[in-house]
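The values are calculated or read from the model by the stated rules, or taken from the named source; none is laboratory data. These numbers were taken from a predicted model, which means no experiment stands behind them. Cβ: placed from backbone, ideal geometry, glycine included. Neighbour counts: every protein chain shown. Side chains are part of the model used for accessible areas, which takes the heavy atoms of the whole protein and leaves out ligands, DNA and RNA. Shrake-Rupley method; radii C 1.70, N 1.55, O 1.52, S 1.80 Å.
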Amino acid sequence: QVQLVESGGGLVQAGGSLRLSCEASGRTFSSRAVGWFRQAPGKEREFVGGISRTGGTTYLDSVKGRFTISRDNAKNTVYLQMNSLKPEDTAVYYCAARAEWVTPDSRHWSYWGKGTLVTVSS
């Protein structure tokens, strides 16, 4: 069983930065892929990016060059560094974990956090 807790959300002006954290319980965290998803009001949950067990990353096209995912297995934590934020980045951000590779399909992720709200003002 893996429990995930997101933190770091808040209100930021357009062009600003935030760093989200996803802290996990469980000894198997380092062997799991971790993904970040977001859901804006009235929209479906979308894949933002993910990091594999070996540290490889993949991103949604609209966040490439602005968002960076990293992991610190010693701290059981994955980070989402978000720079040059835009109002359209406003959403609840969730982290998820699974034993296999990163996939953008939210149906295939086994464990989810409760989310953290990011609001970007114009």
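General remarks:
- Of the residues making up the stretch 103-112, those that are closer than 20 Å to residue 26 by Cα, of a type outside the set (Ser, Thr, Tyr) and open to solvent by 30 Å² or more (accessible area, probe 1.4 Å) are 108, 112.
- Screening the stretch 18-72 for residues that are of a type in the set (Ser, Thr, Tyr) and either open to solvent by 70 Å² or more (accessible area, probe 1.4 Å) or assigned to a loop (DSSP other than H, G, I, E, B) (or both) and picking the one that is nearest to residue 115 (Cα to Cα) gives 25.
- Against the list (1) touching a strand residue (DSSP E or B) at 6+ places or on another chain (Cβ under 7 Å); (2) of a type in the set (Gly, Ala, Ser); (3) modelled with pLDDT of 95 or more, the condition residue 110 fails is (3).
- Residues that are outside any loop (DSSP other than H, G, I, E, B) and either among the charged types (D, E, K, R) or open to solvent by 30 Å² or more (accessible area, probe 1.4 Å) (or both), drawn from the stretch 1-17: 5, 6, 7, 11, 13
- Close Cβ contacts (under 8 Å, 6 or more residues apart or on different chains) running from residues in the stretch 90-103 that are under 14 Å from residue 78 (Cα atoms) to residues that are assigned to a loop (DSSP other than H, G, I, E, B) and of a type in the set (A, V, I, L, M) comprise 97/2.
- The stretch 85-101: number of residues that are at pLDDT 95 or above and not in a strand (DSSP E or B): 6
- Of all residues in the stretch 73-97, those satisfying the criterion of being surrounded by fewer than 18 Cβ atoms within 10 Å (Cβ to Cβ) and closer than 16 Å to residue 50 by Cβ are 73, 81.
- Positions within the stretch 73-83 being touching a strand residue (DSSP E or B) at 6+ places or on another chain (Cβ under 9 Å), farther than 24 Å from residue 107 by Cβ and not aromatic (Phe, Trp, Tyr), in sequence order: 75, 76, 77, 81, 82, 83
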